[in-house]
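> Just dropping this structure here.
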């Protein structure tokens, strides 16, 4: 009897422990419109090593790459744990994380990446001799990866990114940004008849920042992401501030079980390709309590291009909640590539304030995919510069100085199938336009539902082309007298066909 009681007690303790682990994020998943798979906590051994133990110096000048690498290697041999980045400014080159490693930045810690671009260059690609750059922080084929704490990770993106004079001076009135670029030297091209395009190529010799390519245009294509974690399981990014990436800030790709919580991404609105978060072909994810300002898209769902995207599987079981996006091209975005498909994605209790577009769905033939159970609800939008809700099936991704192109030679395959999207309980104040939908002839946007959606202070109402089976219930657009509504047939507005 005694043994039976002990076993019963142990079973109860284990059950309680498992329940506590499951409940860490369960409050986010209450009262959802559909059931989705929940994320699981990512745990690490209690081992901890401070990079100062390995010779790192917090003067903002001494390169600490080897010290950080030594701390990671030592912890890895111990079975994993926490690499502590203490208060201070620590300069480093590229960081490669391993399984069971948490990079933990304490309050007051700033991890700043070296301006020496040569540190990040991969070897020549044997196929064509071209080069690429590794992400500043990367991991691949790992389990249990963490980037956590209250510190700052700074990618020094200014010395990597091109700058459009038209964007920063004419549109933004930021002459000081353009002047700061001119102080660095660099290379100018004509962006159009009036305005110029600056590349951080051939910078002043005294800066000690060498070129890593033969031309400004080739070097532009080599810009790395700040954080890129691929083909891994159990990834958590929590509490940290990410800023000034050379390109995208956070790019988790083909991940099983991803948690991004209470993260701040701070990027200048004029930063070329300065996306905040771009998870791609991720299965089971939570993005919660984040604050984002970006030079491009804010929270952007990716799903791969063509057959490779299909093989990687759909982006599925995503909960995006309690997030705020300020300046960005889009608050919540799908595309432009999503050939693997989008399944069970919920966006709720968010605010978009000052984004170009609120909910942005963009793709093109050759890189499109399918959608199933996409819900956007309890969202507040303010000061939207263009459209509050936007669908485009003929999007062209344009690089700086480029004309734009899709990635597939077969434009008859992988058409965007924008469908099965629900917008509910949304309030938008002062958008340029309420709804803008443009499908493709023969491939319309279809089966969208709008319920309890209100647009106030709208300059243009709706523009809808090549769309069908759109339903609007209890929706308002004001002031109605100043609105224009252009649409396809068969659209239901508050129970009546327009």
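The values are calculated or read from the model by the stated rules, or taken from the named source; none is laboratory data. Note that the structure is predicted; figures quoted are calculated from it, not measured. Heads up, the Cβs are rebuilt from the backbone with ideal geometry, glycines too, and the neighbour counts pull from every protein chain shown.
> Checking the structure you have, find out if any residue of segment 209-226 is within 16 Å of residue 105 (Cβ to Cβ), assigned to a strand (DSSP E or B) and touching a strand residue (DSSP E or B) at 6+ places or on another chain (Cβ under 9 Å).
Within segment 209-226, none of the residues are within 16 Å of residue 105 (Cβ to Cβ), assigned to a strand (DSSP E or B) and touching a strand residue (DSSP E or B) at 6+ places or on another chain (Cβ under 9 Å).
> While we're looking at this one, here's another question. Tally up the residues in segment 87-104 that are in contact with a strand residue (DSSP E or B) (Cβ under 6 Å, 6 or more places away or on another chain) and over 20 Å from residue 157 (Cα atoms), please.
So the answer is 7.
> Still on this structure, I have one more. If you go through segment 135-152 one residue at a time, do you hit one that is touching a helix residue (DSSP H, G or I) at 6+ places or on another chain (Cβ under 9 Å), under 30 Å from residue 75 (Cα atoms) and either touching a residue at least 12 places away in the same chain (Cβ under 8 Å) or outside any loop (DSSP other than H, G, I, E, B) (or both)?
Yes, segment 135-152 contains at least one residue that is touching a helix residue (DSSP H, G or I) at 6+ places or on another chain (Cβ under 9 Å), under 30 Å from residue 75 (Cα atoms) and either touching a residue at least 12 places away in the same chain (Cβ under 8 Å) or outside any loop (DSSP other than H, G, I, E, B) (or both).
> Are any of the residues in segment 263-280 touching a strand residue (DSSP E or B) at 6+ places or on another chain (Cβ under 8 Å), modelled with pLDDT of 95 or more and on the phi > 0 side of the Ramachandran plot?
No, segment 263-280 contains no residue that is touching a strand residue (DSSP E or B) at 6+ places or on another chain (Cβ under 8 Å), modelled with pLDDT of 95 or more and on the phi > 0 side of the Ramachandran plot.
> For the structure I just gave you, tell me whether residue 287 is buried (at least 20 other Cβ atoms within 10 Å of the Cβ), more than 27 Å from residue 27 (Cα to Cα) and in contact with a strand residue (DSSP E or B) (Cβ under 7 Å, 6 or more places away or on another chain).
The answer is no for residue 287.
> Continuing with this model, one more query. Within segment 204-223, take every residue that is touching a residue at least 24 places away in the same chain (Cβ under 8 Å) and farther than 21 Å from residue 273 by Cα and give me the one that is surrounded by the most Cβ atoms within 10 Å (Cβ to Cβ).
Within segment 204-223, the match that is surrounded by the most Cβ atoms within 10 Å (Cβ to Cβ) is 209.
> Kindly evaluate residue 187 against the criterion of being modelled with pLDDT of 95 or more, part of a loop (DSSP other than H, G, I, E, B), in contact with a helix residue (DSSP H, G or I) (Cβ under 8 Å, 6 or more places away or on another chain) and not assigned by TED's automatic domain parsing to the domain that holds residue 95. Full working, then the answer.
Details: modelled with pLDDT of 95 or more: yes; part of a loop (DSSP other than H, G, I, E, B): no; in contact with a helix residue (DSSP H, G or I) (Cβ under 8 Å, 6 or more places away or on another chain): yes; not assigned by TED's automatic domain parsing to the domain that holds residue 95: yes.
No: the conditions fail for residue 187.
> Which one of these does residue 177 not meet: (1) assigned to a loop (DSSP other than H, G, I, E, B); (2) closer than 20 Å to residue 265 by Cβ; (3) not assigned by TED's automatic domain parsing to the domain that holds residue 114?
Among (1) assigned to a loop (DSSP other than H, G, I, E, B); (2) closer than 20 Å to residue 265 by Cβ; (3) not assigned by TED's automatic domain parsing to the domain that holds residue 114, residue 177 violates only (1).
> Scan segment 64-84 and give yes if some residue there is out of contact with any strand residue (DSSP E or B) (no Cβ under 7 Å at 6 or more places or on another chain) and either surrounded by 19 or more Cβ atoms within 10 Å (Cβ to Cβ) or closer than 24 Å to residue 247 by Cα (or both), otherwise no.
Checking segment 64-84: at least one residue is out of contact with any strand residue (DSSP E or B) (no Cβ under 7 Å at 6 or more places or on another chain) and either surrounded by 19 or more Cβ atoms within 10 Å (Cβ to Cβ) or closer than 24 Å to residue 247 by Cα (or both).
> Do we find that residue 132 is under 23 Å from the mean Cα position of the chain (by Cα), surrounded by fewer than 20 Cβ atoms within 10 Å (Cβ to Cβ) and farther than 28 Å from residue 49 by Cα in this structure?
yes
> Determine which member of the set 41, 45 is in contact with a helix residue (DSSP H, G or I) (Cβ under 9 Å, 6 or more places away or on another chain) and under 30 Å from residue 348 (Cα atoms).
Matching residue, one of 41, 45: 41.
> Mind checking which strands (runs of 3 or more DSSP E) fall wholly inside segment 52-125 and carry at least 3 residues that are at pLDDT 95 or above and either assigned by TED's automatic domain parsing to the domain that holds residue 200 or under 23 Å from the mean Cα position of the chain (by Cα) (or both)?
Fully inside segment 52-125 and qualifying: 101-105, 109-113.
> Given the options 345, 357, name the one that is crowded, with 24+ Cβ neighbours inside 10 Å, more than 17 Å from residue 279 (Cβ to Cβ) and assigned by TED's automatic domain parsing to the domain that holds residue 260. Step through it out loud before you land on a result.
Values: 345 fails: more than 17 Å from residue 279 (Cβ to Cβ).
After ruling out the rest, the residue left standing is 357.
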